[in-house]
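Beneath this line is the structure, given in structure tokens, with notes to follow.
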Amino acid sequence: MNGTLTDVPGLLAGHYTDAENGTGCTVVLTPPGTTGGVDVRGAAPGTRETDLLRSENTVAGVNGVVLSGGSAYGLGSADGVMRFLEERGVGHPVGGHIVPIVPAAIIFDLGVGNGMVRPTAAEGYAAAEAATGAPVAQGCVGAGAGATVGKALGRERAMKGGVGSASLDLGDGVVLAALTVVNAVGGVHDPDTGALLAGSRGADGAPIESTALYASHDYGRTPAQGPSALGNTTIGVVATNLRLTKAQANRLATLAHDGLALAIRPAHTPHDGDTMFALATCEIDAPEEFTRLCALTPSVVARAVVSAVEHATDLHGYPAYRSMSHG
């Protein structure tokens, strides 16, 4: 166990990182027979192929998932992953053709670094080429390069977000894991202690609880206060090696949002496009374990969110939890 998403046997993860321009993309590649699900809870999402993953729709298999910066422009990075998979004969057979199934979701990072540079198909292809079963790199990498958190007082008061991952060994070979790209309006809290790790910075530079700001009687009544519309989003993947139906995978994706709410306060606002995918590689057939997966999914997702800010480093003027807490 390496403590990250690739603890699920068969899953590969890779990043393309452009730290200079503050953007990037992250690709998760799946073994044959992987079932997918999704739940979109934020009110400002940017997604691709999510309708396909609904329980009532035909195709159940997923060949990869793309998480990208670049706002809606970044959805084009999935084209590169499709090409990478097509070249290797991986995809859904349709009328003599192979169509790789690659759902995607994006974060808005155009306000960090150079907003005119966004991940394209070339960067998606590079991230797919880089995908391995090694421990997933965390912090300001891949889709998390330009991620920020705590924007209740505007982007200029934010702190650094990033990519985080966590896993749980449930015994008898069963694994549950998550990867998140944390780019939220809200602040990130330790779900066990409630301690604020990263959030909007007050006049003294210290983070302030976002819910307290929203509760203030004068919040948002001046142009200097309030988050930028459509400028945020936390996205990610929860995965297991259990055999799940498409409906069960969708249920897991729904429960993953409970993990976002445990660690991000507030979550799922009108300014977030929060989207969580679920992947089941179907290696182990143990239907009695599904209830445990449901119970533990919020916890592993919350741990992945916390890990994102713990691994983040200062970038493009946004301070990170690591530097502020350790001087």
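The values are calculated or read from the model by the stated rules, or taken from the named source; none is laboratory data. Just so you know, these numbers come straight off a predicted model, no measurement behind them. No Cβ is skipped: glycine too gets one built from the backbone with ideal geometry, and neighbour counts run over all protein chains shown. For the accessible areas, the whole protein counts, side chains as well, though only heavy atoms, and no ligand, DNA or RNA atoms are used. Shrake-Rupley method; radii C 1.70, N 1.55, O 1.52, S 1.80 Å.
Here are the numbers:
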item	result
Extreme residue, surrounded by the fewest Cβ atoms within 10 Å (Cβ to Cβ), among residues of the stretch 103-141 that are closer than 21 Å to residue 31 by Cβ and among the hydroxyl-bearing types (Ser, Thr, Tyr)	132
Residue list for the stretch 176-203, filter: of a type in the set (Val, Ile, Thr) and open to solvent by 10 Å² or more (accessible area, probe 1.4 Å)	193
Residue list for the stretch 7-28, filter: within 19 Å of residue 282 (Cα to Cα) and surrounded by fewer than 24 Cβ atoms within 10 Å (Cβ to Cβ)	7, 9, 10, 12
Selection count where residues are more than 17 Å from residue 107 (Cα to Cα), at pLDDT below 95 and touching an Asp or Glu at 6+ places or on another chain (Cβ under 8 Å), scope the stretch 2-60	1
Selection from the stretch 26-55 of residues that are within 13 Å of residue 276 (Cβ to Cβ) and part of a strand (DSSP E or B)	28, 36, 37, 38, 39, 40, 47
Every residue from the stretch 56-89 that is assigned to a loop (DSSP other than H, G, I, E, B), closer than 18 Å to residue 36 by Cα and open to solvent by less than 10 Å² (accessible area, probe 1.4 Å)	62
Whichever residue in the stretch 286-324 is part of a helix (DSSP H, G or I) and without any contact (Cβ under 8 Å) to a residue 24 or more places away in the chain and, among such residues, is surrounded by the most Cβ atoms within 10 Å (Cβ to Cβ)	322
Check on residue 206, open to solvent by 20 Å² or more (accessible area, probe 1.4 Å), under 17 Å from the mean Cα position of the chain (by Cα), modelled with pLDDT of 90 or more and farther than 30 Å from residue 33 by Cα	no
Residues that are buried (at least 24 other Cβ atoms within 10 Å of the Cβ) and more than 19 Å from residue 67 (Cα to Cα), drawn from the stretch 254-263	263
Which listed residue is out of contact with any Cys (no Cβ under 7 Å at 6 or more places or on another chain), among the β-branched types (Val, Ile, Thr) and at pLDDT 95 or above, from 240, 211	240
Subset of the stretch 101-132 [more than 22 Å from residue 45 (Cβ to Cβ) and either part of a helix (DSSP H, G or I) or in contact with a helix residue (DSSP H, G or I) (Cβ under 7 Å, 6 or more places away or on another chain) (or both)]	122, 125, 126, 128, 129
Matching residues in the stretch 235-253 - criterion: being in a helix (DSSP H, G or I) and either open to solvent by 30 Å² or more (accessible area, probe 1.4 Å) or without any contact (Cβ under 8 Å) to a residue 24 or more places away in the chain (or both)	247, 248, 251
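A quick yes/no check of all residues on (1) more than 23 Å from residue 107 (Cα to Cα); (2) not hydroxyl-bearing (Ser, Thr, Tyr):
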| position | (1), (2) |
| --- | --- |
| 243 | yes, yes |
| 257 | no, yes |
| 264 | no, yes |
| 275 | no, no |
| 278 | no, yes |
| 283 | yes, yes |
| 290 | yes, yes |
| 304 | no, yes |
| 309 | no, yes |
